[in-house]
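Below is one structure, written out as structure tokens; the observations come after it.
The values are calculated or read from the model by the stated rules, or taken from the named source; none is laboratory data. In this text, all values refer to a predicted model and were calculated from it rather than measured experimentally. Using ideal geometry, Cβ is built from the backbone for each residue, glycine included, and neighbour counts are taken over all protein chains shown. Heads up: the accessible areas ignore ligands, DNA and RNA and are worked out on the full protein's heavy atoms, side chains in. Shrake-Rupley method; radii C 1.70, N 1.55, O 1.52, S 1.80 Å.
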Amino acid sequence: MMTALNKPSQRKLFQKLTITLIVSWLVLFVFLPNLMIIGTSFLTRDDANLLAMVFTLDNYTRLFDPMYAQVLMHSLNMALIATFFCLLIGYPFAYIIANMPKRIQPIMLFLLIVPFWTNSLIRTYGLKIFISTKGVLNQILLNIGLIDQPLRIMYSQEAVVIGLVYILLPFMVLPLYSSIEKLDKAYIEAARDLGAGKVQTFTRVIIPLTTPGIIAGCLLVLLPAMGMFYIADLLGGAKNLLVGNVIKNQFLRLRDWPFGAATSIVLTVLMGLMLFVYYRVGKLLNKKDELE
């Protein structure tokens, strides 16, 4: 009898301890560091002490400088291109997996996730060896006679896009697979019964119904793509910087912490706005489904 009475109290105690640990971890390692970054973004750089306790908005106004605005637009451009190619490759891949037999799907998803077991920096070095002038790709193309001289892919915008697609493709495939796998096949059968062809069924039924997965995948690729500075460093050279490179350089090389913090905050706000758009679109789609 005492054991039965103690079980609910023990469960409540465990829940309270778990919640306390999670909240404490979030406060110490997420909330406070971000609060410090926000505070730092409004201070002034000091060569002697890194920071001077002088309030200023100059760190944010500097972001409108044409040089930094150009880097931001260039970074956004490369992130959008990488997102487009991830979607172009990832959608058919996710669709094929979702239509495979149930016993094979876990194996394919496992093979997709296996690269995550290796550090992305190491994989980027591997890609650098593969696409370099004397790398595996050029050696294969030269041996089979498709090219007469090695392709110069390294240290270009194309190399950065290839690196971003290579690293971030699984982030596109997984939400797409989840959305396609949950697709009610009755809608597809109804479209075929009404005389719709394969192209019409795909464009007017499948794509609209999997829009939440498309938006989620695009956000999961677009947002990190703008901050992956090590890919731009290893594959892109000095002319193909991402926003992450600007933030890294401000903190580690120029030691301008306030401006680096302000750039980081702007990038975070931009990410938040994109997530808010995703939330609103998802809500509108759910209301549309309820009305139908």
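If the condition is being among the hydrophobic types (A, V, I, L, M, F, W, C) and open to solvent by less than 40 Å² (accessible area, probe 1.4 Å), then the range 170-201 contributes Met172, Val173, Leu176, Ile180, Leu183, Ile188, Ala191, Ala196. Within the range 192-213, which residues are small (Gly, Ala, Ser) and either closer than 19 Å to Ala98 by Cα or within 26 Å of the chain's Cα centre (by Cα) (or both)? Scanning the range 192-213 gives a single hit, Gly213. Could you check Leu285 against (1) of a type outside the set (S, T, N, Q); (2) surrounded by 15 or more Cβ atoms within 10 Å (Cβ to Cβ); (3) modelled with pLDDT under 85; (4) under 21 Å from the mean Cα position of the chain (by Cα) and say which number it fails? All conditions are met except number (4). One residue stands out among those in the range 230-268 that are open to solvent by 80 Å² or more (accessible area, probe 1.4 Å) and at pLDDT 85 or above: the one that is farthest from Thr133 (Cα to Cα), which is Trp257. Filtering the range 70-105 to residues that are open to solvent by less than 30 Å² (accessible area, probe 1.4 Å) and among the polar types (S, T, N, Q) leaves Ser75, Thr83, Gln105.
Filter the range 106-125 down to the residues that are surrounded by 15 or more Cβ atoms within 10 Å (Cβ to Cβ) and over 22 Å from Met228 (Cα atoms) and list them by number. Don't jump to the end; show me each part of the working.
At the first step, the residues of the range 106-125 found to be surrounded by 15 or more Cβ atoms within 10 Å (Cβ to Cβ) are 108-109, 112, 120, 123-124.
Those that are surrounded by 15 or more Cβ atoms within 10 Å (Cβ to Cβ) and over 22 Å from Met228 (Cα atoms): Met108, Leu109.
Of the candidates Asn6, Asn59, Asn34, the single residue that is at pLDDT below 85 and farther than 30 Å from Ile162 by Cβ is Asn6.
Can you pull out the helices (runs of 4 or more DSSP H) entirely within the range 1-120 that have at least 1 residues that are more than 20 Å from Val266 (Cβ to Cβ), of a type in the set (Val, Ile, Thr) and touching a residue at least 12 places away in the same chain (Cβ under 8 Å)? If you could, list the steps in order and put the result at the bottom.
Numbers: elements: 2-26, 32-40, 58-61, 66-98, 105-113.
In the range 1-120, the matching helices (runs of 4 or more DSSP H) lie at 66-98, 105-113.
Residues in the range 126-165 that are part of a loop (DSSP other than H, G, I, E, B), open to solvent by less than 80 Å² (accessible area, probe 1.4 Å) and touching a residue at least 24 places away in the same chain (Cβ under 8 Å): Met154, Ser156. For the range 214-252, a tally of residues being within 18 Å of the chain's Cα centre (by Cα) and in a loop (DSSP other than H, G, I, E, B) returns 5.
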